[in-house]
Structure formats: C-alpha cells, structure tokens
Amino acid sequence: MNRFSFLGISVAAALVAAFAWPLAGHAQFAKVEDAIKYRKAVMTLQSAHLGRVFAVVKGSVPYDAAQVQANADLLGTLVTLAWPAFVAGSDKGDTRALPAIWSEPDKFKAAIAQLQERVGALQAAARSGDLDQVKAAAGPVGQSCKGCHDNFRRD
Ligand code: ASC
C-alpha cells in the first residue's frame, strides 16, 4: 500500500467514525442503562488517572516520569471511550447528562476534540520527562473536564 492509499483509507475511516457517532454506540449497548453505566465507568477511570497526574503536579506524590507517562497514555485511550455511549434516549435514567449533549452535538463534539487534543499534549509532555512541561499540560486537561461538566452535566 502506498502512502496515498493509506491516507485515503485514514480519511475514509475518520469520516465513517465522524458520521457514525453517536449511532455507532447504539449497537454496542443492549440497553440505554448499559450505556449510562459504561460512560460513568469511563468517567471514574478518567478521574482516577488524571487524579494521579494531579497528585504529582500538586507535589503530594513525588515525580516518577514513567508513572506519569503511563497515566497520561491511559488517559489517551480513556478519552476516546465515553462519547459513543451518549446514545439517543440516554438523557433519561440514572444520569446527569444535560439535553445540550444531543441538542448541540457540534458544541459537544468540539469540547471532546479539545479534551483529546489537550490529553495528547499531556502525553507529549509526559514523554519529555520534564515536570514543568507536565504541570503546564495538566491544567488545560482539568479545564476541559470542568468545561464539559459546566456545560453538559447537571449539578
Ligand atoms: C478531575 C476530575 C474532574 C476534573 C475537574 C477539573 O480530576 O475528576 O472532574 O479533574 O475536577 O476541574
């Protein structure tokens, strides 16, 4: 495969992923409640692994570059998982998800994209082995978490 056909496949895959969302998730969850439980589980893990990074940033845990990198890389995967679980109809039930997720999907997707980009920057900072870079990159990730909760989650 030459690099042009690889690029073509990548673009096609990105388009399929973009347009399949959020319907793609639907087939993966037998019930709406399962989707709600799934995304809450992901949020719990995101919080746990970002929390471990923040513990280092705040100085309550000593800096171990390999540990921070492992947590940042886990976050790199975790921040891809929850969004397909915001399936149609899952605004009702044991959830604090606000209707804006479904009524303003472009805004929601932009917030997700920003989070993913910031986590990418945190991964790069973690790979540098420089605590100051980790500190600079961690704050914006926390801001993305907060921004989404402010706009898309009931208090
Ligand atoms: C976390 C966590 C959040 C965000 C948010 C940032 O570690 O669990 O929800 O960061 O508190 O303001």
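The values are calculated or read from the model by the stated rules, or taken from the named source; none is laboratory data. Everything numeric here is computed off the predicted structure, so don't read it as measured data. These area figures cover heavy atoms from the full protein model, side chains too; ligands, DNA and RNA do not enter into them. Shrake-Rupley method; radii C 1.70, N 1.55, O 1.52, S 1.80 Å.
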Original post:
What does the accessible area of Asp106 come to, in Å² to the nearest 10, when a probe of 1.4 Å is used?
Top reply: 120 Å²
Original post:
Mean separation of Cα pairs under 8 Å and 6+ residues apart, divided by the residue count of the range 80-155: what relative contact order is that in percent?
Top reply: 39 percent
Subject >> Residues with amide H under 5 Å from that of Arg153, placed H, sequence gap 5 or more >> reply: Leu98
